[in-house]
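The values are calculated or read from the model by the stated rules, or taken from the named source; none is laboratory data. In this text the structure is predicted, and so the values were computed from the model without any measurement. Quick note on the areas: whole protein, heavy atoms, side chains included, nothing else; ligands and nucleic acids left out. Shrake-Rupley method; radii C 1.70, N 1.55, O 1.52, S 1.80 Å.
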Amino acid sequence: MKKNRYLVGLLFAVCLIAASCGERRPYVLAEMIEVEFKDTLKVDDWISIDGVKYTHVNDYDRIKDDTTAIETVFDLKILPSSVQNIVIPGAGEKELRGYTPTSGVAFALLQALSLSEKNDLGMFYGFTGHTLEMSSGKLKFYRKDGEKVKVMTSDGYTGIIRKVK
């Protein structure tokens, strides 16, 4: 009898240790979130919004141009990185480097959230602010159902995530 209690207690302790060993990430949980892109966003950096992970890629414009319907780009859950590979048709194997301004990254996130599978005709997320903020790389958004938005990022992510409300 004591042996069974000991085994059950040991099994419980092992389960607690195993559950606590999972990777925990800091996150922001708020009614309204502001994302501000300021510095270089690298390839494979990511931002997760309400469990949907958007990864930054360096060939965003090429992927966007190669798709037949714009919605399929957002189904891939990708955003541009700061430095882009630009392929010039007819120039052979030559690739140039282009720079995506912070406003371009903010606008891509706005489009991705607007076209998210969670949206029902654009009614899931609401956006506030004005074009001047967007042009400086800031985006403010909230959930229209009144629930809080949860945002996590990869290690070293240079976008600034703020709780507004």
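Here are the numbers:
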{"quantity": "Amide proton proximity set for GLN84, modelled H, under 5 Å, gap of 5+", "calculated": "GLY98, TYR99, THR100"}
{"quantity": "Accessible surface ranking that places the most exposed of LYS42, LYS140, LYS150 first, with a 1.4 angstrom probe", "calculated": "LYS42, LYS150, LYS140"}
{"quantity": "27 Å Cα-Cα threshold exceeded, pairs from LYS64/LYS163; LYS42/LYS144; LYS64/LYS148; LYS53/LYS148; LYS53/LYS163", "calculated": "LYS64/LYS163; LYS42/LYS144; LYS64/LYS148"}
{"quantity": "Accessible area in the full protein assembly, largest first, 1.4 Å probe, for HIS56, HIS130", "calculated": "HIS130, HIS56"}
{"quantity": "Using θ = phi - 60° and Karplus 6.51 cos²θ - 1.76 cosθ + 1.60, couplings along segment 157-165 (whole Hz; Gly, Pro as x)", "calculated": "5, 8, x, 9, 10, 10, 7, 8, 8"}
